[in-house]
Structures are given as C-alpha cells and as structure tokens.
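One structure follows; several queries about it will come next.
Nothing in this text is a laboratory measurement; each read-out follows from the coordinates by a stated rule. Note that the structure is a prediction, hence the values are computed from the model and not measured. A quick note on method: Cβ atoms are made from the backbone with ideal geometry, for glycine too, and the neighbour counts reach across all protein chains shown.
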Amino acid sequence: MHNAALAAVGLADWRYQLLPVPRELFADTVRALPAAGFRGVNVTIPHKQAALALADDATARTRAIGAANTLSFEAGRILADNTDAPALIAGLPFDAAGKTALVLGAGGSARAAVWALRDSGAAEVRVWNRTAARAERLCAELGGTPVAAAAPADLLVNCTSSGLDDSGSMFKSLPIDADGLAGYSCVVDLMYSRRIDTPLIAAALALSIPVLDGLEILVGQGALSFERFTGRPAPVDVMRTAARAR
C-alpha cells in the first residue's frame, strides 16, 4: 500500500518495509532508525503504548488515547500520532454526533475508537470487554459506559481479535450473535483477514446493514501516516487498490 503510494507520487528512492521488533528491543530499535535514514514508522500491537512513552512529543489526541500508531522523526525528535481515530470517523457512513455506539474490546484500538466517538459528539459510547475490569478502567479514563451485555445502538465497533477468525465461531467470544446485528445501523470491524470480509462484516452485509471494514480503516490511517512521513498528499485511491489487491 505505502510502496504503491510512494511510486505514485514520484518518491522512487523511498521504501516502506516490515520491521519485526520484540518488546525488549523496541525502544533501542526506534531510536536508531533516524540515523539509518528512516522518516517514520507505523506501530502495531503490542507496541502502541510503548511508542507513546518513547516519543518526545505527541498530538493532543494521542496523549488522550494513550497509544500511538505513528512515529515520525523530525529534527532529532520523535513525534507520536494516532491516525486510527480520525480514520474511523472519516470512514463512517454518517455523522457520529448524537449517535449511540457499542465498542467491543478495551485495547489500544478500542481506546482510539472510544476517544474518537466521544470527541465527535456521540451521545453515548458503551464499552464491553471479556474482562470487565478493563472496560471499566478504559471508561474511567476516556469516558463512556462499561456494559456487561450488548444492546441495540446506532453503531457497533469490533476492536477485538475475534474478527480474525474465518469461521462463524467468532460470535461465541462476543456478546452478540449474527441475528443480533439487526439492532445496529452500522457495523465496523477493525480487523481484516485474507478473506474479502470477516465473518462479522459478512453477517452484517447479509442483513443489508452498512459496514466499514478494517481494510478501509487501514487505508485511511495509512494515508494520514503517509502524509506525515512525506509531506505529500496521499494518493488514497492508489493505496486502496493496492491494499485490496493484496
């Protein structure tokens, strides 16, 4: 996705590459990257909280969320951002203001979703997690209402890894079944897999419910990161085509 975008804007000598890093080497590795010619990195699980702690500065939303997915290197400083939050809001088929939402999960992605929805004026953001204490802690820090069960809402946002399960068994680990999706006006799954649709997205589409899939959010957050790294407008259509082809 990023390499296709770099080629499209004429940055032929730039490369985007995978850097697997264990937890214990994360800080040392990131600090060494600027000298190796890196302009920035996208950060995935399990490093999002560590990325924020490592940064010299961060955007206000990143500090509020407590997790960063983008680090950029500028003038010897490490700057942290969270592009997951704006990508989620930009991808919704309606304005989140005044709407109700149920967020499934309490990890870094869920934190970004809860913050983004509340920042956009959602009337109520409920949070469910298999470990109730984590949902309670997230809500205490960011706002929202911890819940023990699912109830109809305008928006359902899955931030759990259950969406990576390519079988219908994923619903066994969630507080909702496929038929229960009828109580929602839009279904978002931040997960994506080698399939075209995750089971959650497929079930929602079968009920003619508008969806926002994880690959589209990946493209959205990636485009924002691309612009921060390069200073160039992101060729979003090119990135989307490359991501979906992959």
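Between Ala206, Ala110, Ala36, which gets the highest mean-square fluctuation from a Gaussian network model of the chain, Cα cutoff 10 Å?
In the Gaussian network model the winner is Ala36.
Something else now. Amide H neighbours of Thr70 under 5 Å, at least 5 residues apart or on other chains, H built in the peptide plane: list them.
Val43, Asp81, Thr83
For the residue pair Ser208 and Ser173, what label-to-label distance in nm results when each label sits 7 Å from Cα along the Cα-to-beta-carbon direction?
The two pseudo-label positions are separated by 3.3 nm.
Ok, one more. Quick one: what do you get for segment 86-214 if you divide its Cα Rg by 2.2 N^0.38 Å?
On the way: Rg = 13.2 Å, N = 129, 2.2 N^0.38 = 13.9 Å.
Cα-based Rg divided by the globular estimate yields 0.94.
Compute the orientation-averaged projected area for the chain from the convex hull of its Cα atoms and round it to one decimal in nm². Let's see the in-between values first.
Working: hull surface 52.2 nm².
That works out to 13.0 nm², a quarter of the Cα hull's surface.
Suppose a student asked you for the relative contact order of the chain, using Cα pairs under 8 Å spaced at least 6 residues apart; what percent would you report?
On the way: 450 pairs, mean separation 43.0, N = 246.
Relative CO of the chain lands at 17 percent.
Per-residue HN-Hα couplings for segment 34-50, Karplus 6.51 cos²θ - 1.76 cosθ + 1.60 at θ = phi - 60°, whole Hz, x for Gly and Pro?
With the stated coefficients, segment 34-50 comes to x, 5, 8, x, 7, 9, x, 9, 8, 10, 10, 3, x, 9, 5, 6, 5 Hz.
In the Gaussian network model of the chain, springs joining C-alpha atoms below 10 Å, which of Arg130, Arg15, Arg118 carries the largest mean-square fluctuation?
Looking only at Arg130, Arg15, Arg118, the largest GNM fluctuation is found for Arg15.
Another one. What full-extension length gain, to one decimal in nm, is calculated for Ala123 and Val21 as 0.36 nm per residue of separation minus the Cα-Cα distance? Each step should come with its number before you reach the end.
Details: separation 102, 0.36 × 102 = 36.72 nm, distance 3.94 nm.
Difference between extended and current length: 32.8 nm.
Output the antiparallel fraction of DSSP beta bridges having both residues in the chain, as a percent to the nearest 5. Can you show the working numbers first?
Details: 8 of 29 bridges.
Here the share of antiparallel DSSP bridges comes out near 30 percent.
Which ³J(HN,Hα) values, rounded to whole Hz and listed in residue order, are derived for segment 217-233 from phi using the Karplus coefficients 6.51, -1.76 and 1.60 in 6.51 cos²θ - 1.76 cosθ + 1.60 with θ = phi - 60°, glycine and proline given as x?
5, 4, 5, x, 5, x, 5, 5, 5, 4, 5, 5, 5, 9, x, 10, x
So what's the angle, to the nearest 10 degrees on a 0 to 90 scale, between helix 236-245 and the longest Cα principal axis of the chain?
70 degrees
Enumerate the calculated ³J(HN,Hα) couplings along segment 63-70 in order (Karplus 6.51 cos²θ - 1.76 cosθ + 1.60, θ = phi - 60°), each rounded to whole Hz, writing x wherever the residue is Gly or Pro.
Rounded to whole hertz, the list is 5, 5, 5, x, 8, 10, 10, 9.
Note down the relative contact order for segment 86-214 as a percent, whole number, built from C-alpha pairs under 8 angstrom at least six residues apart.
Values: 256 pairs, mean separation 28.7, N = 129.
Worked out over segment 86-214, it gives 22 percent.
Then there's this: Springs between alpha-carbon atoms under 10 Å, Gaussian network over the chain: tell me which of Asp13, Asp189, Asp57 tops the mean-square fluctuations.
Highest fluctuation of the listed residues: Asp13.
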